[in-house]
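See structure below.
The values are calculated or read from the model by the stated rules, or taken from the named source; none is laboratory data. As the structure is a computational prediction, the values presented were derived from the model and not from experiment. With ideal geometry, Cβ positions are generated from the backbone for all residues, glycine too; neighbour counts draw on all protein chains shown. The accessibility values were calculated without ligands, DNA or RNA, using every heavy atom of the protein model including side chains. Shrake-Rupley method; radii C 1.70, N 1.55, O 1.52, S 1.80 Å.
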Amino acid sequence: SDEIKSDLEELYPDKKLTRQDYQNLGDEKRRRFGNDYWAKRAGERISKMMSGGKSKFVIDSFRNPAEVLWFRNKFRMITVAIDAPFELRLKWAVKRMRSIDPALYLDKLIKDLERDMGRGQPEYGQQVSECMALADKLIINDGTEEELGEKVEATLLSVGAEGNHNHREKK
């Protein structure tokens with residue numbers, strides 16, 4: 001989503017961006033340039049970092065199976081999906097009340113979340129459910145933040161990604 005955000009901020013520097021803005025631009029670029037468009041964009045940045053000596057990366061926000069497949073073929077990645085019950089995702093989105101989560105419009109938020117998962121979407125559209133189906137491992141996030149951390153740590157260790165996984169890079 002960083003790639004999409006960069007494009008949106010360039011196109012609409014003063015606009016308060018919504019989840020639908022992200023979805024629409026993501027879909028439009030995939031429709032015009034191929035379903036793996038965003039993967040290729042992110043892959044360019046990763047290739048540059050790899051030439052600088054970095055070797056481990058975490059990529060999130062896959063929205064189309066072609067993105068997963070492109071990364072899997074290009075970088076031999078292991079895919080871990082993190083899912084949560086729909087009701088919890090809805091509750092968390094409302095609680096966050098970020099600009100891309102129109103919490104005041106519950107019906108719209110539900111439609112946006114369903115669109116993310118792929119309900120009624122074209123091949124170039126949002127297909128998160130299909131991306132998760134391609135995952136090597138699945139984590140269900142239905143507990144506390146600490147429990148999720150433990151599940152992530154155990155899953156990463158199970159695929160040979162040793163090290164401390166409790167730190168997120170701060171922007």
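Contact list please: Cβ distance under 7 Å, first residue in segment 43-70 and closer than 18 Å to Arg31 by Cβ and touching a residue at least 12 places away in the same chain (Cβ under 8 Å), second residue open to solvent by less than 100 Å² (accessible area, probe 1.4 Å) and among the basic types (Lys, Arg), pairs at least six apart or on different chains. Correct list of pairs: Asn64/Arg30; Trp70/Lys40.
Rundown of residues vs (1) farther than 21 Å from Ala42 by Cα; (2) of a type in the set (Phe, Trp, Tyr); (3) at pLDDT below 85, yes/no style:
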| site | (1), (2), (3) |
| --- | --- |
| Phe62 | no, yes, no |
| Pro85 | yes, no, no |
| Val94 | yes, no, yes |
| Asp107 | yes, no, yes |
| Tyr124 | no, yes, no |
| Glu130 | no, no, no |
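For the structure I just gave you, tell me whether Asp142 is in contact (Cβ under 8 Å) with a residue 12 or more places away in the chain, open to solvent by 30 Å² or more (accessible area, probe 1.4 Å) and either farther than 15 Å from Leu69 by Cβ or touching a strand residue (DSSP E or B) at 6+ places or on another chain (Cβ under 9 Å) (or both). Yes, satisfied. Can you confirm whether Thr79 is in contact (Cβ under 8 Å) with a residue 40 or more places away in the chain, at negative phi, open to solvent by less than 40 Å² (accessible area, probe 1.4 Å) and in contact with a strand residue (DSSP E or B) (Cβ under 7 Å, 6 or more places away or on another chain)? In short, no.
The single condition among (1) farther than 22 Å from Pro122 by Cα; (2) at pLDDT 95 or above that Lys54 does not meet is (2). Of the residues screened, Lys91 is one that is outside any loop (DSSP other than H, G, I, E, B) and either basic (Lys, Arg) or more than 18 Å from Gly125 (Cβ to Cβ) (or both). Of the residues making up segment 76-96, those that are of a type in the set (D, E, K, R) and under 20 Å from Glu130 (Cα atoms) number 4.
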